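Written out below as structure tokens is the structure these notes cover.
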Amino acid sequence: MRWSFCIGTVRGTRILVHFTLVLFIAWLAMAFYAQGGSQAALRGVAFILLLFACVALHEFGHILTARRFGIATPDVVLLPIGGMARLEQMPQAPREELLIALAGPAVSLALALVFGMLAGDGPGSLDSPQSDTPGLLAQLAAANLFLAIFNLLPAFPMDGGRVLRAVLSARLGHARGTRIAAVAGQALAILFGFAGLMLGHAILVLVALFIFLAAGAEAGVARLVDVTTGMTAGDLMTTDFVTLGPEARIADAAQLLTRTDQREFPIVEANGHLLGVLTREGVIAALGRGGEDWQAGRAAERELASLSPDADAAAGIQLLQQGAPAVPVLDPDGGLLGLLTWDNLRDHLLVAEARRKPLAPAVTGRRATN
Ligand SMILES: [Zn+2]
């Protein structure tokens, strides 16, 4: 993830801290200092650091459970709004998703109990009022209890939304389950936003906005998976695009970028093999470093996962969701057949929804009559 740095690796999962979290902690430290001097600032920062350590442990609940189901977990990012563990694939079976989703809140709940007990019988909770350790522990217990309960709200993008989706998709199928959990998320976000405005609570409004957008993104992907059920990468790929040779200049790519709607340019060798994909960001970054005359291949992304034309459409959607700029569709010899991009999938979705039917006629056992 951009704007983040690694603070360590635990069992192969890199722990990343986002730059905004550092800013957030610095801001809190100053706010505490302004209120109660250096003592208050130290205590406030200690609490926040411990709290984010708890958030990381919550994420490792998800990560270690996902590992048990053979899912790779390359990293986890800590942001001011919480942690995000990245799973290389989504769990296939609803039961796996259920257990992975529950593991995080279970860790938070366990931490709440441990901190609660430590705060309760910590020595000197009464006889040394100067020491604020029991107070700090009680606060951590409360915060972890809040984390567990908040994350169990049955709405996307909270863990509870995944629990709800897992339970629903066992009966209604993945797409409908996701849609219901996403709508629940947006409804909850509207409630939060309203409450935040009524109470004059800016942070609550921000949280509501984040939940609304995240739930909307999940719903969009669910609709896409829904309308592309039974289709292959070959059915969905765009085939009409400009390619560049490895020797093309960045300046040529920049010209194409401004003269066409295309944003991803496949770099194809003379023998038809795909070398990589030059993205709009790649072109801009190269120009920013004075790379007008660089060869396009130098700025291209080379290690992109590709698909065969008969691969499931869902596999392509998943690769894009994981941040691939485009998914090349290759023939068995490595020749480029087409590309899957968000733009192209979004168009498929719009077309299918305007027609109000799935892209591929589903076998329903009932003939459509007009
Ligand atoms: Zn969680």
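The values are calculated or read from the model by the stated rules, or taken from the named source; none is laboratory data. Because the structure is predicted, anything quoted here is derived from the model rather than measured. Virtual Cβ from ideal backbone geometry, glycine too; neighbours counted across all protein chains shown. Just the protein is used for accessible areas: all its heavy atoms, side chains included, with ligands, DNA and RNA removed. Shrake-Rupley method; radii C 1.70, N 1.55, O 1.52, S 1.80 Å.
Checking the structure you have, find out if any residue of the stretch 178-197 is in contact with a Leu (Cβ under 7 Å, 6 or more places away or on another chain), crowded, with 17+ Cβ neighbours inside 10 Å and of a type in the set (D, E, K, R).
No, because not a single residue in the stretch 178-197 is in contact with a Leu (Cβ under 7 Å, 6 or more places away or on another chain), crowded, with 17+ Cβ neighbours inside 10 Å and of a type in the set (D, E, K, R).
When you go through Leu126, Leu137, Leu145 one by one, which is the residue that is open to solvent by 50 Å² or more (accessible area, probe 1.4 Å) and at pLDDT 85 or above?
Leu145
Residues checked against (1) surrounded by fewer than 17 Cβ atoms within 10 Å (Cβ to Cβ); (2) closer than 30 Å to Met158 by Cβ:
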residue	(1), (2)
Ala217	yes, yes
Met237	no, no
Glu247	yes, no
Thr258	yes, no
Phe265	no, no
Leu274	no, no
Leu287	no, no
Arg298	yes, no
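Which of (1) among the β-branched types (Val, Ile, Thr); (2) modelled with pLDDT of 85 or more; (3) over 30 Å from Ala300 (Cα atoms) is the odd one out, the single condition Val207 does not satisfy?
(2)
Taking Ala53 and the conditions (1) small (Gly, Ala, Ser); (2) over 30 Å from Arg171 (Cα atoms); (3) touching a Pro at 6+ places or on another chain (Cβ under 8 Å), which numbered condition does it fall short on, given that it satisfies the others?
Single failed check for Ala53: (3).
Would you check if Gly234 is closer than 15 Å to Val327 by Cα, assigned to a helix (DSSP H, G or I) and small (Gly, Ala, Ser)? So that I can check it myself, show each step before the final result.
On the way: closer than 15 Å to Val327 by Cα: yes; assigned to a helix (DSSP H, G or I): yes; small (Gly, Ala, Ser): yes.
Answer is yes for this residue.
Taking the conditions exactly as written (more than 16 Å from the ligand (Cβ to nearest atom), over 27 Å from Leu51 (Cβ atoms), touching a residue at least 40 places away in the same chain (Cβ under 8 Å) and of a type in the set (A, V, I, L, M)), does Ala170 satisfy them or not?
Values: more than 16 Å from the ligand (Cβ to nearest atom): yes; over 27 Å from Leu51 (Cβ atoms): yes; touching a residue at least 40 places away in the same chain (Cβ under 8 Å): yes; of a type in the set (A, V, I, L, M): yes.
It is true that Ala170 is more than 16 Å from the ligand (Cβ to nearest atom), over 27 Å from Leu51 (Cβ atoms), touching a residue at least 40 places away in the same chain (Cβ under 8 Å) and of a type in the set (A, V, I, L, M).
Which ones in the stretch 46-58 are within 13 Å of the ligand (Cβ to nearest atom) and free of Cβ contacts under 8 Å to residues at least 24 places away in the same chain? Break it down into steps so the answer makes sense when it comes.
So in the stretch 46-58, the residues within 13 Å of the ligand (Cβ to nearest atom) come out as 54-58.
The answer is none; no residue qualifies.
Scanning the stretch 59-78 for residues that are of a type in the set (A, V, I, L, M, F, W, C), outside any helix (DSSP H, G or I) and closer than 14 Å to Ile15 by Cβ, which turns out nearest to the ligand (Cβ to nearest atom)?
Within the stretch 59-78, the first condition is being of a type in the set (A, V, I, L, M, F, W, C), and the residues that meet it are 60, 63-64, 66, 69, 71-72, 76-78.
Filter once more, keeping what is outside any helix (DSSP H, G or I): 69, 71-72, 76-78.
Remaining after also requiring closer than 14 Å to Ile15 by Cβ: 76-78.
Details: Val76: 10, Val77: 13, Leu78: 12 Å.
It comes out as Val76.
Testing Ala119 on (1) over 28 Å from Phe192 (Cα atoms); (2) modelled with pLDDT of 85 or more; (3) touching a helix residue (DSSP H, G or I) at 6+ places or on another chain (Cβ under 7 Å), one condition comes back false. Which one is that?
(2) is the only condition that Ala119 fails.
Which one of these does Ile7 not meet: (1) open to solvent by 90 Å² or more (accessible area, probe 1.4 Å); (2) part of a helix (DSSP H, G or I); (3) more than 20 Å from Thr133 (Cα to Cα); (4) not charged (D, E, K, R)?
All conditions are met except number (2).
From the list Arg14, Arg43, exactly one residue is open to solvent by 50 Å² or more (accessible area, probe 1.4 Å), part of a strand (DSSP E or B) and either free of Cβ contacts under 8 Å to residues at least 60 places away in the same chain or more than 16 Å from the ligand (Cβ to nearest atom) (or both). Which is it? Talk me through it step by step, then tell me what you get.
Values: Arg43 fails: part of a strand (DSSP E or B).
Within the list Arg14, Arg43, the selection yields Arg14.
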